[in-house]
Amino acid sequence: MARRVFFSFHYQRDIWRVNQIRSIPNVTGCAAAGFQDASIWEEAKKKGDAAIKALINKGLESTSVTVVCVGYKTAGRTYINYEIDQSIARGNGIVAVQIHHVQDKDGNTDPAGAIPSKIESNGYKAYKYVDHEKLGKWIEDAAKAAGK
């Protein structure tokens, strides 16, 4: 079954890593967590907090699962927490996927980052990204756990 998935991540730091894994079969991913490109993100930042939250909310529309891509500096970020909170409120399945070991545009990897506390405290699963097949299974498992 095809899933519409919201990808939550530290945009500036991890977009390259996330773009390597977002295009898995049977998943329609919202580009850059609802942001189609950097110019849309930058424009929303100029308009302030409400504009960013509106963009996030629009990106979450019609999604059944939120994948929180966990990089070195993901945990504790304001908009990551907002995306998780809104995903919980909408009843989305949620799965955290560590991506620190995926290479960035310069071929660098990072140390592991902490799993956001809202993931662990709400009992959602966290995995280390391995391949598209496993990610697809984790997304499907998260959707089923949420009743979607």
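Residue pairs whose Cβ atoms lie under 6 Å apart, sitting 6 or more positions apart in sequence or on different chains, and linking a residue in region 94-119 that is at negative phi and among the hydroxyl-bearing types (Ser, Thr, Tyr) to a partner that is at pLDDT 95 or above and in a loop (DSSP other than H, G, I, E, B), are Thr109/His101.
Among the criteria (1) at pLDDT 90 or above; (2) under 18 Å from Ile139 (Cα atoms); (3) in a helix (DSSP H, G or I), the one Gly59 does not fulfil is (1).
When region 124-142 is limited to residues that are under 16 Å from Gly91 (Cα atoms) and buried (at least 20 other Cβ atoms within 10 Å of the Cβ), the one that is modelled with the lowest pLDDT turns out to be Ile139.
Here is the figure for region 80-123: residues that are small (Gly, Ala, Ser), surrounded by 21 or more Cβ atoms within 10 Å (Cβ to Cβ) and assigned to a loop (DSSP other than H, G, I, E, B) total 0.
The values are calculated or read from the model by the stated rules, or taken from the named source; none is laboratory data. As the structure is a prediction and not an experimental result, all values here were calculated from the model. Glycine gets a Cβ as well: all are built from the backbone with ideal geometry, and neighbour counts include every protein chain shown.
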